[in-house]
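Peer 1: The structure follows.
The values are calculated or read from the model by the stated rules, or taken from the named source; none is laboratory data. Because the structure is a prediction, the values reported are computed rather than measured. In this analysis, Cβ positions are derived from the backbone assuming ideal geometry, glycine residues included, and neighbour counts consider all displayed protein chains.
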Amino acid sequence: MDTLILDHAIEILQDNKERWVRLPATRKAELIGKLVQGVLSVADRQVAKALEAKGIAPDSTESAEEWLSGPFIVLRNLRLLKQSLDQIARYGIPKIPANKIHIRHNGQVVVRVFPDSIFDKLLYPGFNAEVWMKPEVTLETLHEKIASYYRRSQTQGGVALVLGAGNVPSIGPLDVVYKLFVEGQVCLLKLNPVNDYLGMFIEESFASLIQEGYLRLAYGGADVGSYLCEHTGIDEIHITGSAQTHDSIVFGSGEEGADRKRNNMPRLKKQITSELGNVSPVIIVPGEWSEGDLRSQAENVASQLTNNAGFNCNAAKVLITHTTWNKRDAFLDTLRKTLSQIPQRRAYYPGSLSRYARFIEAHPEAEIFGKKSETSIPWTLIPNLDPERKSDICFKEEAFCGIIGETPIAASDAADFLFKAVAFCNNTLWGTLNACIIIHPETETELGSLLDHAVSDLRYGSIGINHWPALSYALGSTTWGAYPGHTLDDIQSGIGVVHNTLMFDEPQKSVIYGPFRVWPKPPWFVTHKSAHKLAPILTRFEASPRFSLLPSMWLALRG
C-alpha cells in the first residue's frame, strides 16, 4: 500500500471540493454529457472484460446481464440526471407536473416517476413506478424537499469515500454520480478487488471528472479501505457490501468491536451511508393461475434468483406461499423444471462456496439442480421452511448465491394470507431493501384496497408488484436503498438512498407496478432467447433515445 499516492489523491479532492460546490448546474449538466459519451465509448470493451472475468460466453443469452447491469443502467441514470440538472438551471428544482403527484388515503405524498416519456411507455408497456415520501412530507412542503443541495446558500463541500461493490458493474460509478451531483461531494472511489478490472474503464469514461479534480480512484484490499476510512481528509463514507463489513468499519472487529456495537459507540465519527443487502422475499398471493401463468411466474422468480449467478443483494431468497393454495405444488414443480434448464454459472464471488455449504449443512433436504464443483454452485431450492422457526439461516442470513427457500403460511383466504405474509416479512426476515408481491389481476380485484395497504405496511425501500424489485435500481428516477429508520448499531440493509434522479430529500420507498403477464418478454428474464442481441441496442438507446432504434429493438424484444 502506497499511502503517499492515497494522501495525494485526497489532497487533490480537498483542494477542489469547494469549487465543485460552486459549480453551476449548467456546467454540471455539461459534465454529465461528457460522461455519457465516455460510458458509450468503453461499453463494448468493459462488457467483454466482465464476461471474461465471470466466465460467460459472449454470444450467450447470459451476456445480456453485463450490458443491462452495467452501461445500460449508468447511461439511463446519467441521462435522467442531466434532465434534472437542466431543469434546476431553469426552474431551481427538477420540474414535476402536478398530475404526477397524488395523496394517499392516509395523507402520504406520492409522485409517479415512471413512465417519463413516450419511449418508456412503448418499451415497458403497463409498467408504472412511484416514489412515496416520508409521512412528514406534505403537499405544501414537497417542493422544499427536492434538490435542497442546489438551493442552500451556504453549502460546504466534502470528500466522500465510496467503497465499491464487487458484483455489479454499475454500483460504484452510480454511487459516485449520486454523491457528486445530488449531494455535492467530490469522491474517492475505492474499487473492490473482485472487479477492480473495471477501474481502467471508469478512469477512461469518467476522465472529465478526474481531470477537474472531482474524482479519484483507489485500488487494493482491506488495508487500503481501512486506511482511507480513517483518513482525516475523508469527510463521509458510502458503503455497498455486507452488514458485517459495515460493522467492522464503524465499530471495529473482534470482541472490542462487538462491545462497541452493543453500546452504540462507533470508532468513526463520520457520516456513513450504506446499502448492505437483504433476504429478499417474494410473496406469491394465491389465485386461479393457468398453466401459462405458472410458467411465466416460474421464469420470473427464476430470473430474480439466477441473474449474475445469484450474487445480487436483491436476488429472490424466500418464496412465501399459501399452505393450502391449490396451485402451490404445481408452481413449485414448474419452478423446479425451470431451474433445471438454466445453465450453471461460475461461482466468481469469494466465499460463496463456504457460504453455500453452511446453508446445505443447515438444510440437508435442499433440492439441487445441477452439480456442485470447485468453480460452480448449483441452483438450489429449500422448500417447506417452517415460518415459526424465526432463527432459520434462510431467514436471517443473505445467501448471496443461487439458493432460494420456500415457506408456506397458513391462512383462511388470500386476504388473510397477504396480511400474514407482510407481517412475516417485517418481523422475521433480515433486511429492508426490497420485496416482491406476485398477484393475479382477478385476485387483486377481489382484494380491493388490501394490496395498497399491504404495500404501505411493508417496511422495504423498494417493492415490486409482479416483477423483480431490481427495477427500482435500474429505472434511475426511483430510489434505491433500505427502508428509512436504521441506525449504525442496527444497520440491516443500510442508511440512505442512491440513484433518485429527481433528487427527493425525504423518500420513504419506491413502488414498481407491472402486468402479471407481460408481452414481449422483459429482457431481464433469464429465459429471453435474444436478450444478448437486444441489450447492446437498449444501451445505445438509453444514451440518446430516438425512434430510429425502435424497429431493431422490437425485433429483438420478441424473445
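Peer 1: Please return the ranges of helices (runs of 4 or more DSSP H) entirely within segment 1-92 where 1 or more residues are touching a helix residue (DSSP H, G or I) at 6+ places or on another chain (Cβ under 8 Å) and loosely packed, with under 15 Cβ neighbours inside 10 Å.
Peer 2: Because the criterion is at least 1 residues that are touching a helix residue (DSSP H, G or I) at 6+ places or on another chain (Cβ under 8 Å) and loosely packed, with under 15 Cβ neighbours inside 10 Å, the helices (runs of 4 or more DSSP H) in segment 1-92 that meet it are 3-22, 25-54.
Peer 1: Go through segment 313-397 and tell me which helices (runs of 4 or more DSSP H), entirely inside it, have 3 or more residues that are farther than 26 Å from Ser290 by Cα.
Peer 2: Result: 352-362, 393-396.
Peer 1: Which condition number in (1) surrounded by 20 or more Cβ atoms within 10 Å (Cβ to Cβ); (2) more than 22 Å from Thr323 (Cβ to Cβ); (3) out of contact with any strand residue (DSSP E or B) (no Cβ under 6 Å at 6 or more places or on another chain) is the one that Thr334 fails?
Peer 2: Here Thr334 meets the rest and fails (2).
Peer 1: Moving to a separate point now. Out of segment 149-179, which residues are of a type in the set (Gly, Ala, Ser), farther than 27 Å from Val47 by Cβ and within 26 Å of the chain's Cα centre (by Cα)?
Peer 2: Answer for segment 149-179, where residues must be of a type in the set (Gly, Ala, Ser), farther than 27 Å from Val47 by Cβ and within 26 Å of the chain's Cα centre (by Cα): Gly158, Ala160.
Peer 1: Related question: Quick check, is Pro383 within 15 Å of Ala309 (Cβ to Cβ) and in contact with a strand residue (DSSP E or B) (Cβ under 6 Å, 6 or more places away or on another chain)?
Peer 2: So Pro383 fails the test.
Peer 1: Please specify each residue of segment 93-124 satisfying the condition of being free of Cβ contacts under 8 Å to residues at least 60 places away in the same chain and assigned to a helix (DSSP H, G or I).
Peer 2: Once the filter is applied, which keeps residues that are free of Cβ contacts under 8 Å to residues at least 60 places away in the same chain and assigned to a helix (DSSP H, G or I), segment 93-124 yields Ala98, Asn99, Lys100, Ile118, Asp120, Lys121.
Peer 1: Considering each of Ala160, Ala129 in turn, give the residue that is over 29 Å from Val518 (Cα atoms), small (Gly, Ala, Ser), touching a residue at least 40 places away in the same chain (Cβ under 8 Å) and assigned to a strand (DSSP E or B).
Peer 2: None of the other options fit; the residue is Ala160.
Peer 1: Something else: Where in segment 423-493 are there helices (runs of 4 or more DSSP H), lying fully within it, with 3 or more residues that are of a type outside the set (D, E, K, R), in contact (Cβ under 8 Å) with a residue 24 or more places away in the chain and touching a helix residue (DSSP H, G or I) at 6+ places or on another chain (Cβ under 8 Å)?
Peer 2: Qualifying helices (runs of 4 or more DSSP H): 450-457, 470-474.
Peer 1: Within segment 188-214, restricting attention to residues that are in contact with a Phe, Trp or Tyr (Cβ under 7 Å, 6 or more places away or on another chain) and touching a residue at least 60 places away in the same chain (Cβ under 8 Å), which residue is nearest to Ser170 (Cα to Cα)?
Peer 2: The selected residue is Val194.
Peer 1: Among the residues of segment 269-281, which ones are more than 13 Å from Gln244 (Cα to Cα) and in contact with a helix residue (DSSP H, G or I) (Cβ under 6 Å, 6 or more places away or on another chain)?
Peer 2: Pro281, the sole residue that qualifies.
Peer 1: Now for a separate question. Quick check on Tyr197: is it surrounded by fewer than 21 Cβ atoms within 10 Å (Cβ to Cβ) and closer than 30 Å to Ala543 by Cα?
Peer 2: yes
Peer 1: I've got another one for you. Out of the residues in segment 226-261 meeting the condition of being among the β-branched types (Val, Ile, Thr) and over 22 Å from Val182 (Cβ atoms), tell me which one is surrounded by the most Cβ atoms within 10 Å (Cβ to Cβ).
Peer 2: So, considering only residues that are among the β-branched types (Val, Ile, Thr) and over 22 Å from Val182 (Cβ atoms), the one surrounded by the most Cβ atoms within 10 Å (Cβ to Cβ) is Ile249.
Peer 1: From the set of residues in segment 146-192 that are among the basic types (Lys, Arg) and closer than 24 Å to Val131 by Cβ, which is modelled with the highest pLDDT?
Peer 2: Applying the filter and picking the extreme gives Lys179.
Peer 1: Kindly provide the set of residues from segment 359-383 that are under 25 Å from Ile409 (Cα atoms) and exposed (fewer than 13 other Cβ atoms within 10 Å of the Cβ), ordered by number.
Peer 2: Correct list: Glu361, Pro364, Glu365.
Peer 1: Still on this structure: If I ask for residues that are more than 15 Å from Ile382 (Cβ to Cβ) and out of contact with any helix residue (DSSP H, G or I) (no Cβ under 6 Å at 6 or more places or on another chain), which ones from segment 331-340 would you list?
Peer 2: Across segment 331-340, the qualifying residues are Asp333, Lys337, Ser340.
Peer 1: Can you tell me which residues in segment 516-558 are assigned to a helix (DSSP H, G or I), under 30 Å from Ile284 (Cα atoms) and under 22 Å from the mean Cα position of the chain (by Cα)?
Peer 2: Ala531, His532, Leu534, Ala535
Peer 1: Could I ask something else about it? Among the residues of segment 20-43, write down those that are among the charged types (D, E, K, R) and in contact (Cβ under 8 Å) with a residue 60 or more places away in the chain.
Peer 2: Scanning segment 20-43 gives Lys28, Lys34.
Peer 1: Let me confirm something: among Thr407, Thr445, Thr428, which residue is touching a Leu at 6+ places or on another chain (Cβ under 9 Å), at pLDDT 95 or above and among the hydroxyl-bearing types (Ser, Thr, Tyr)?
Peer 2: Unique residue meeting the criteria: Thr407.
Peer 1: Report, by residue number, each residue of segment 512-541 that is surrounded by fewer than 24 Cβ atoms within 10 Å (Cβ to Cβ) and touching a strand residue (DSSP E or B) at 6+ places or on another chain (Cβ under 9 Å).
Peer 2: Residues satisfying the conditions are Tyr513, Gly514, Phe516.
Peer 1: Take segment 264-279 and flag every residue that is in a strand (DSSP E or B) and either over 21 Å from the mean Cα position of the chain (by Cα) or assigned by TED's automatic domain parsing to the domain that holds Asn300 (or both).
Peer 2: Hit for segment 264-279 is Gln271, nothing else.
Peer 1: I'm trying to understand the selection: among the residues of segment 132-157, which are touching a residue at least 24 places away in the same chain (Cβ under 8 Å) and assigned to a helix (DSSP H, G or I)?
Peer 2: If the condition is that a residue be touching a residue at least 24 places away in the same chain (Cβ under 8 Å) and assigned to a helix (DSSP H, G or I), then Leu142, His143, Lys145, Ser148, Tyr149, Tyr150, Arg151 are the ones that fit.
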